[in-house]
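This report refers to the structure that appears directly beneath it.
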Amino acid sequence: MIRVFHREHAGRPIRVVWTLEELAEPYELTVMTYDASRGEEHLARHPLGRVPVIAEEEGCVFESAAICMHVADLHPEAGLIPPLKTHERALTYQWSVFAPAELEPPLIFGEAQPERAEKARRRFTRAAEAVANSLDGSEYLVGDRFTVADVLISSALGFASRAGFPDALPASLKEYVARLQERPAYQKAVQRTSELPATTEPSA
């Protein structure tokens, strides 16, 4: 069984839990304190002490986009990632990587460095417009079905308010994010990641 390591107040781990809930696969969830995430035990899982991390029989995997695509690959029958060697598969890679590469960096700068907020807002707006143009009225980014690309992109877009850019999303993207957050698997993920107390020492 996959074990997911989360840290209190961290935003990205919900993507992994959401993907697992979409797959209806059992998993264990450990929510750590900040101090626990900097301890030797977790540094052995992630050299920078970050989350999310998953532990499976063969070892650990980090980076939320990599984890989401990996767990989708473990269950191809669920359809969260298109078949290998298809254009839709390539597009799923494209948008899954676009989220942390293009959408998230300006959000982080805007939140952490107010003096750079306007430049960050412009960069985020351009990236968000690229997503809106690709959707072009469609429900999902790739083909006609929900994929891990939607998990990664919608969760990154959802960070806009926390970064101080509540009005940076056009109406079409606000509707896209709101609609995906109504999915039962997302609601279960929110519940799971918020109901567990943080642990000082991750249990074995």
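The values are calculated or read from the model by the stated rules, or taken from the named source; none is laboratory data. This one's a predicted model, so the numbers in the text were calculated from it and none came from an experiment. Don't worry about glycine lacking a Cβ; one is built from the backbone with ideal geometry, like all the others, and counts go over all protein chains shown. Areas reflect the complete protein model, heavy atoms only, side chains present, ligands, DNA and RNA absent. Shrake-Rupley method; radii C 1.70, N 1.55, O 1.52, S 1.80 Å.
Do we have any residue at all in the stretch 75-87 that's in contact (Cβ under 8 Å) with a residue 40 or more places away in the chain, out of contact with any Leu (no Cβ under 7 Å at 6 or more places or on another chain) and charged (D, E, K, R)? No, the stretch 75-87 contains no residue that is in contact (Cβ under 8 Å) with a residue 40 or more places away in the chain, out of contact with any Leu (no Cβ under 7 Å at 6 or more places or on another chain) and charged (D, E, K, R). For Arg116, the conditions (1) closer than 22 Å to Ile81 by Cβ; (2) in contact with a helix residue (DSSP H, G or I) (Cβ under 6 Å, 6 or more places away or on another chain); (3) open to solvent by 40 Å² or more (accessible area, probe 1.4 Å) are fulfilled apart from (1).
If the condition is being of a type in the set (Phe, Trp, Tyr) and assigned to a strand (DSSP E or B), then the stretch 1-26 contributes only Phe5.
If the condition is being modelled with pLDDT under 95, assigned to a loop (DSSP other than H, G, I, E, B) and either open to solvent by less than 80 Å² (accessible area, probe 1.4 Å) or in contact with an Asp or Glu (Cβ under 6 Å, 6 or more places away or on another chain) (or both), then the stretch 177-204 contributes Leu196, Ala198, Pro202, Ser203. The criterion of being assigned to a helix (DSSP H, G or I), over 18 Å from Gln94 (Cβ atoms), touching a residue at least 40 places away in the same chain (Cβ under 8 Å) and open to solvent by 70 Å² or more (accessible area, probe 1.4 Å) does not hold for Lys174. When Asp167 is tested against the conditions (1) touching a residue at least 12 places away in the same chain (Cβ under 8 Å); (2) open to solvent by 40 Å² or more (accessible area, probe 1.4 Å), the lone failure is (1). The residues in the stretch 47-58 that are farther than 26 Å from Thr147 by Cα and either over 19 Å from the mean Cα position of the chain (by Cα) or loosely packed, with under 14 Cβ neighbours inside 10 Å (or both) can be counted, and the count is 2. Selection over the stretch 164-200 of residues that are among the aliphatic types (A, V, I, L, M) and within 16 Å of Val131 (Cβ to Cβ) gives a count of 7. Note on the stretch 61-150: enclosed helices (runs of 4 or more DSSP H) holding 3 or more residues that are small (Gly, Ala, Ser) are 64-74, 117-135.
Condition check ((1) open to solvent by less than 80 Å² (accessible area, probe 1.4 Å); (2) in contact with a helix residue (DSSP H, G or I) (Cβ under 7 Å, 6 or more places away or on another chain); (3) modelled with pLDDT under 95; (4) over 27 Å from Glu102 (Cα atoms)) across all residues:
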position: Tyr34; (1), (2), (3), (4): no, no, yes, no
position: Arg45; (1), (2), (3), (4): yes, no, no, no
position: Cys60; (1), (2), (3), (4): yes, no, no, no
position: Met69; (1), (2), (3), (4): yes, yes, no, no
position: Ala72; (1), (2), (3), (4): yes, yes, no, no
position: His75; (1), (2), (3), (4): yes, yes, no, yes
position: Ile81; (1), (2), (3), (4): yes, yes, no, no
position: Thr86; (1), (2), (3), (4): yes, no, no, no
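Close contacts from the stretch 30-57, counting a first residue that is at positive phi and a second that is open to solvent by 30 Å² or more (accessible area, probe 1.4 Å) and not in a helix (DSSP H, G or I), with Cβ to Cβ under 6 Å and a gap of 6+ residues or different chains, come to Gly49/Arg38. Of the set (1) open to solvent by less than 30 Å² (accessible area, probe 1.4 Å); (2) more than 30 Å from Ala44 (Cβ to Cβ); (3) charged (D, E, K, R); (4) at pLDDT below 95, all apply to Glu104 but (2).
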